[in-house]
Amino acid sequence: MIKTYITKLLDKTVRWSLPLCLAALPLNGSAQIVVDDDDDDDEIEVVDEMGNKEEIDFPEAMTYDMDSLMSQYMSKTYLATDNDCQMKNENVTYEKQVYIDRLHRMPTIMEMPYNEVVQSCIDRYTSRMRQSVSYFLGASNFYMPIFEEALDLYQLPLELKYLPVIESALNPTAVSRVGATGLWQFMLTTGKAYGLNVNTLVDERRDPVKASYAAARYLRDLYNIFGDWNLVIAAYNCGPENINKAIRRSGGEKDYWKIYPYLPKETRGYVPAFIAANYVMNYYCEHNICPMKSQLPVKTDTVMVDRNVNFSQIASVCGLDISMIRALNPAYRRDIVPGATTPSPIRLPISDISTFIDRQDSIYAAESSTDKRLEVPVEETVVKTTTAKDRKSSRNAQWHKVRSGDNLGAIAKRYGTTVSKLKKLNGLRNSNIRAGQRLRVR
């Protein structure tokens, strides 16, 4: 066990702010840090001048093992070790000034300060978590474009794309000890507040696209409250209430490093871990870490379904791997698309969309005990049963496949019905339709 004792940590901290004058700013306060490098330790021990010990937790995602990351379908299918890159097991360490200079050179408006807590997080990534970093780099090709589009839409710093690295280790189905879920680790109430649907069958916190845009809105709102990106990142971890409490306890200070002693212990390690994640995702080569080789997944598209349909029905009739369907549709918790509640999208490889549309009747007709069980839509409290008349009506239904140039008015006229009836039959909220869509006309 190697222990490094650092006195007056915050007095020695160097902070860099690129858009200003790139000057080093000292931080107030003093502490003594014991960095314990024991492989079984997931904490940093802090000892104050009175000898009182405190423990700073690493974020939970920094404790995940590599096997759990590689068990995901996307990882098993599209990631592999790059044998052309000679990854060495030993980490390369540098003088403190080298780390300071590298953080200084990062093109960002966000502060990337250096101190011994940041250093301990960098050391963890570049030593114990080397294989995980290799995974992060490979999986970035799947997720970073989604994160960047969402952040750019709300004019947020793109470096925030590394938050899911410390939140979920880029695992879209990750669930924390307290129930935070998905790549961005939304708690239930926060997710719902930002428009993510969560019920027995659906959890949109696990949808990479929807969760990314919700996270961007949340980060924007936090910045409008605090006006400081370190406080925003801390608030994302522990909630704005805890940040406000720490500000009050510090006498009104609004600087992350000044309210640092008053934060929850995991949050004290959270901003340093974020800085370390930015560092290692940019300077991995200098530490002999090779990205996993990634093959971009197949192009996909969505098709709407207006009845409950089980993944097993789709897989069986269309000849698809059910694991792939699950990976492409992580928001559906029980392998069920609840189309009976409201028309719902199913995402499939674009090459299989036409097969799904052509065989839709067979998919719906396929034996499914789950489909029979789901006679009550999950968001309704009134019992709704399926009668013999309903089943006969469904069997006698007539369908129209939308072609380029079609509109609801023309389709209604062709089949002797009205636009309002078409909307009601298909659960449409507006008149927007698209080529390839399947509409019930009778």
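Residue by residue, here is whether (1) modelled with pLDDT under 90; (2) in the same structural domain as Asn426 (by TED's automatic domain parsing); (3) not hydroxyl-bearing (Ser, Thr, Tyr) holds:
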residue	(1), (2), (3)
Gln313	no, no, yes
Val317	no, no, yes
Tyr332	no, no, no
Gly339	no, no, yes
Ser344	no, no, no
Asp352	no, no, yes
Asp361	yes, no, yes
Glu367	yes, no, yes
Lys372	yes, no, yes
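Kindly check whether there is at least one residue in region 96-119 that is touching a helix residue (DSSP H, G or I) at 6+ places or on another chain (Cβ under 7 Å), surrounded by 19 or more Cβ atoms within 10 Å (Cβ to Cβ), within 16 Å of Arg206 (Cα to Cα) and among the hydroxyl-bearing types (Ser, Thr, Tyr).
no
Can Asn115 be described as farther than 21 Å from Glu266 by Cα, in contact (Cβ under 8 Å) with a residue 12 or more places away in the chain and more than 27 Å from the chain's Cα centre (by Cα)?
It is false that Asn115 is farther than 21 Å from Glu266 by Cα, in contact (Cβ under 8 Å) with a residue 12 or more places away in the chain and more than 27 Å from the chain's Cα centre (by Cα).
Can you tell me which of Arg268, Arg307 is outside the structural domain of Arg130 (by TED's automatic domain parsing) and at pLDDT below 95?
That would be Arg307, the only listed residue that is outside the structural domain of Arg130 (by TED's automatic domain parsing) and at pLDDT below 95.
Any chance you could count how many residues in region 301-320 are basic (Lys, Arg) and in a helix (DSSP H, G or I)?
0
Going through region 321-362 one residue at a time, which ones are free of Cβ contacts under 8 Å to residues at least 60 places away in the same chain and either in a helix (DSSP H, G or I) or on the phi > 0 side of the Ramachandran plot (or both)?
Ile322, Ile325, Leu328, Asp335, Ile350, Ser351, Asp352, Thr355, Phe356, Asp358, Asp361, Ser362
Going by what's in this entry, would Lys254 be described as among the basic types (Lys, Arg), assigned to a helix (DSSP H, G or I), surrounded by fewer than 20 Cβ atoms within 10 Å (Cβ to Cβ) and assigned by TED's automatic domain parsing to the domain that holds Val178?
Considered against the rule, which asks whether it is among the basic types (Lys, Arg), assigned to a helix (DSSP H, G or I), surrounded by fewer than 20 Cβ atoms within 10 Å (Cβ to Cβ) and assigned by TED's automatic domain parsing to the domain that holds Val178, Lys254 comes out as no.
Tell me which residues, restricted to region 164-180, are crowded, with 24+ Cβ neighbours inside 10 Å and more than 17 Å from Ser75 (Cβ to Cβ).
Once the filter is applied, which keeps residues that are crowded, with 24+ Cβ neighbours inside 10 Å and more than 17 Å from Ser75 (Cβ to Cβ), region 164-180 yields Ile166, Glu167.
How many residues are among the charged types (D, E, K, R), in a helix (DSSP H, G or I) and more than 24 Å from Met70 (Cα to Cα) if we restrict to region 95-154?
7
Condition (residue is assigned by TED's automatic domain parsing to the domain that holds Arg124, under 21 Å from Thr63 (Cα atoms) and assigned to a helix (DSSP H, G or I)) applied to region 288-300: is it met by at least one residue?
no
What residue, among those in region 263-305 that are surrounded by fewer than 19 Cβ atoms within 10 Å (Cβ to Cβ) and among the charged types (D, E, K, R), is farthest from Val98 (Cα to Cα)?
Taking the candidates together, the pick is Asp301.
The values are calculated or read from the model by the stated rules, or taken from the named source; none is laboratory data. Predicted model only: the values in this text are computed from it and were never measured. Every residue, glycine among them, receives a Cβ derived from its backbone with ideal geometry; neighbour counts consider all protein chains shown.
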